[in-house]
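Just so it is clear, none of the values below were taken in a lab; they were calculated from the coordinates. None of these values were measured; they are calculated from a predicted model. Here Cβ is always computed from backbone atoms with ideal geometry, including for glycine, and neighbour counts include all displayed protein chains.
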């Protein structure tokens, strides 16, 4: 099953582990295109994810030249190729404002609220 969405701008976080064991966290921005919900088949190939419900998202990342809109002005310069990622990486919705022929990103989510995903033991399949 998938949910088609109207255009939504969001930010997501990626964490990279370096060769010396340090983690680098980066804030990235994108269009949130679709949410994909599916049950993985029971198969040893999927290891601990076997038989589990997965919620993924199709996003189109933006080229912001590495700018973090929570720290300094950031602009949506172009888009990259769409990718699929775990929905838990999406942290918040952001705003866009057109100024001087380009799109400025308004990100006021840091320190205000955080998206949290919890597993609901009582949730029925019909609730999805």
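Tell me, which residue of region 43-55 that is out of contact with any helix residue (DSSP H, G or I) (no Cβ under 6 Å at 6 or more places or on another chain) and in a strand (DSSP E or B) is nearest to residue 78 (Cα to Cα)?
54
Can you tell me which residue within region 80-94, out of those that are surrounded by 15 or more Cβ atoms within 10 Å (Cβ to Cβ) and touching a residue at least 60 places away in the same chain (Cβ under 8 Å), is nearest to residue 56 (Cα to Cα)?
Among those residues, the one meeting the criterion is 85.
Residue 77 fails exactly one of the following numbered conditions: (1) over 12 Å from the mean Cα position of the chain (by Cα); (2) in contact (Cβ under 8 Å) with a residue 24 or more places away in the chain; (3) exposed (fewer than 13 other Cβ atoms within 10 Å of the Cβ); (4) farther than 24 Å from residue 101 by Cβ. What is the number of that condition?
(4)
In a strand (DSSP E or B) and out of contact with any helix residue (DSSP H, G or I) (no Cβ under 8 Å at 6 or more places or on another chain): is that true of residue 24 in this structure?
Yes.
Among the numbered criteria (1) surrounded by fewer than 18 Cβ atoms within 10 Å (Cβ to Cβ); (2) in contact with a strand residue (DSSP E or B) (Cβ under 8 Å, 6 or more places away or on another chain), which one does residue 49 miss?
(2)
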